[in-house]
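Just below is one structure, and these are the notes that go with it.
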């Protein structure tokens, strides 16, 4: 079952890697992407939520400042925690 993640979801895919769980929820071809430079300009904005959805992100030493780790395989358990009026950026690499 595919769920619509809302118009404010933005997915940043680093290189050509796609997290299968995120791709199956949102449909990889229909998800907007942003550049590293654009994301960098958004850091610190209170209307932006940055989620680290890397498969190994929980143990990652380096994380985008302000990002919160969420398990990409458990989208159903965390997707409703975030205000859909905010822009939500998911990243993986």
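Numbers at a glance
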| item | result |
| --- | --- |
| Length gained when the stretch residue 74-residue 48 is fully extended (0.36 nm per residue, less Cα-Cα span) | 7.2 nm |
| Gain in span if fully extended, residue 40 to residue 86, counting 0.36 nm per residue against the direct Cα distance | 14.9 nm |
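Bear in mind that the values in this text are calculations on the coordinates, not laboratory data. These figures come from a predicted structure and were not determined experimentally.
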